[in-house]
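The block underneath contains the structure these notes are about, expressed in structure tokens.
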Amino acid sequence: MAKFNSFEEIISWQKARELNKDIYNLIIENKYFNNDFGLRDQIRRSSISISSNIAEGFEGRPLKSSFAFYILLKLPQESFARNYI
């Protein structure tokens, strides 16, 4: 198992950040989201929570097999964000 010095080194965190940037750009480019503030904000919150949960899990490191825990944290938020797109 790989050892990480910071959460920024975790591939799933990097991918989550890319997804977050893509979602923000999609929202900016799509005029539909100008009128639906609730949906826009929910998508933004769910996409940022993916990387936030990975970072929070890394800092706490309560579990010996914590990498699996990060993945379990990430998956529900990712599905939630994809559901709205």
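A short reminder: the numbers here are calculations on the coordinates, not readings from a lab. Here the structure is a predicted model, which means the values were calculated and not measured. Quick reminder, even Gly has a Cβ in these numbers, built from the backbone with ideal geometry, and neighbours come from all protein chains shown.
Brief remarks on what is shown
- Listed values for segment 14-21 are Karplus-derived 3J(HN,Hα) couplings in whole Hz (6.51 cos²θ - 1.76 cosθ + 1.60, θ = phi - 60°), namely 4, 5, 5, 5, 4, 4, 4, 5, and x replaces Gly and Pro.
- Mean Cβ count within 10 Å, highest first, over the residues of peptides 11-19, 47-55, 28-36: 47-55, 11-19, 28-36
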